[in-house]
Each structure stands twice: as structure tokens, then as C-alpha cells.
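First comes the structure, then the notes that go with it.
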Amino acid sequence: MNINIYCVGNIKEKFYVDAINEYTKRISRFAKINITEVKEEQLCKNFSNADILNVKKKESARLNEKISNGYTILLDVNGCGLSSEELAKKFKEVENISSTTNFVIGGSYGVDYNELNKIDFKLSFSKMTFPHQLMRVILCEQVYRALTINNNITYHK
């Protein structure tokens, strides 16, 4: 199994980097994992709604260029909410379709759905808003949890 995480921006805070590194190390026991970052756009000081749309379009186009073949899951506040067990089941379903699962985390302002044309499923972790750096940690932990569930390892309680 191959797992790719595509995200906007890079992680600057060491505690996030350390957490992501720990979970990717754990995930690598079960799957090959790769994280690809694309450039985050910066808004000018007095930005407009049109500027936000432009940022979303540019970031989403960059993501779309990088996304490899496979089953692609977009993290989206309006997506389908799954429990950890349901995410594990989703992994099993996806394995029957593709050897590669792609996760996409948009930037601070979300994504432009017209630019992301490779999305197979929208997944919501919550109706709450999280910093996209923290979301990467949460995603890595939940991927690890799903893999331990599917491999009957007692990490999940």
C-alpha cells in the first residue's frame, strides 16, 4: 500500500514536525508514505474576496499537478464524517480499487473544486476549523490508527 499526503505550505514548528515524523515512521511499518508540499500563496494586506479565490485557485492547481494516480481523499469540512473504525474500513475498500491512497489537505482558505478534478471522496474530521499544519498531524495519527485496526494491533482502544 502506498499513501501520499499532498498539502499546501510547509511545517515550521518543531513540535508538529516531530509528531509527523513519529507517525510517518509508525505508518511505514504497514505502508509506504510520502508527503508532498506545494507552495502556499500569500495574501496582500488589504485583500478582497477575489484575492482569496485567486489564492485557492493557484494552490489547488499546484496540488492537482502533483496528485498521483490512485484513490484520492480530500479533507473537507463539508465531507463525510467517519469514525476511526469506518476509516479503517474505507482503507480496506480502497485497497480493492487501488494500491495508492492520496490525501489532500488544502491551504488556509480551502480549495478550488474546479481545479481539483481528481477527488474520489471528501472526508471531514470535524465541523471545526483546524490549522492545516495541525491537520497534517491529526491525519497521520488517524492513518496510523486505521492501519493498526486493520492489522489487529491494540493501539486503538
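Readers should treat all values here as calculations from the given coordinates under stated rules, not as data from a laboratory. Being a predicted model, the structure only gives us computed values, none of them experimental. Quick reminder, even Gly has a Cβ in these numbers, built from the backbone with ideal geometry, and neighbours come from all protein chains shown.
Exceeding 22 Å between C-alpha atoms, which entries from my cross-link table qualify? They are LYS56/LYS118; LYS90/LYS122; LYS57/LYS92.
Too far apart for the 22 Å limit: LYS57/LYS92.
What is the chain's relative contact order, in percent, from Cα pairs under 8 angstrom and six or more apart in sequence?
Relative contact order comes out at 33 percent.
Could you tell me, in Å, what Rg and Dmax come out for the Cα atoms of region 3-56?
Considering region 3-56 through its Cα atoms, Rg and Dmax are 15.4, 47 Å.
In debye, nearest 20: dipole of region 42-157 around its Cα centre with unit charges on the Cβ of K, R (+) and D, E (-)?
200
List the GluC sites (Glu not before Pro) within region 1-63 that fall in a DSSP loop (any state other than H, G, I, E or B) and whose Cβ has at most 12 other Cβ atoms within 10 Å.
When the GluC sites (Glu not before Pro) of region 1-63 are filtered for loop state and at most 12 Cβ neighbours within 10 Å, GLU13 remain.
Cα extents of the chain along the three principal axes, largest first, in whole Å?
Cα spread of the chain along its principal axes, largest to smallest: 52, 34, 26 Å.
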